[in-house]
1. Residue 23 fails exactly one of the following numbered conditions: (1) surrounded by 12 or more Cβ atoms within 10 Å (Cβ to Cβ); (2) free of Cβ contacts under 8 Å to residues at least 24 places away in the same chain; (3) not in a helix (DSSP H, G or I). What is the number of that condition?
2. Is it fair to say residue 42 is within 27 Å of residue 9 (Cα to Cα) and without any contact (Cβ under 8 Å) to a residue 60 or more places away in the chain?
3. For the range 44-85, what are the residues that are assigned to a helix (DSSP H, G or I) and surrounded by fewer than 12 Cβ atoms within 10 Å (Cβ to Cβ)?
4. Conditions first: (1) surrounded by 11 or more Cβ atoms within 10 Å (Cβ to Cβ); (2) under 27 Å from residue 70 (Cα atoms); (3) out of contact with any helix residue (DSSP H, G or I) (no Cβ under 9 Å at 6 or more places or on another chain). Residue 15 passes all but one, so which condition is the exception?
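No value in this document is a laboratory result; all are computed from the given coordinates. Quick caveat, the model's predicted, so the values are computed rather than measured. Don't worry about glycine lacking a Cβ; one is built from the backbone with ideal geometry, like all the others, and counts go over all protein chains shown.
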């Protein structure tokens, strides 16, 4: 995703932005909603990350599944972004 601008045009993000903009939203709900927006944003920007196929042992046998090829690190640029990570 390096060097790529992502514009979030998702109904859930729009809804949650409305909640945090509302002057009647309390501090606890504001912080929780900002965290939820961060999760939705992370989901969107990681959509195309490369994965690799692996096998894992489950209680009922071996399962083929996928894991990320590399670790992901999300770093907020401004202090205001800390609530999102």
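1. (1)
2. yes
3. Of everything in the range 44-85, those that are assigned to a helix (DSSP H, G or I) and surrounded by fewer than 12 Cβ atoms within 10 Å (Cβ to Cβ) turn out to be 79, 80, 82.
4. Against the list (1) surrounded by 11 or more Cβ atoms within 10 Å (Cβ to Cβ); (2) under 27 Å from residue 70 (Cα atoms); (3) out of contact with any helix residue (DSSP H, G or I) (no Cβ under 9 Å at 6 or more places or on another chain), residue 15 comes up short only on (2).
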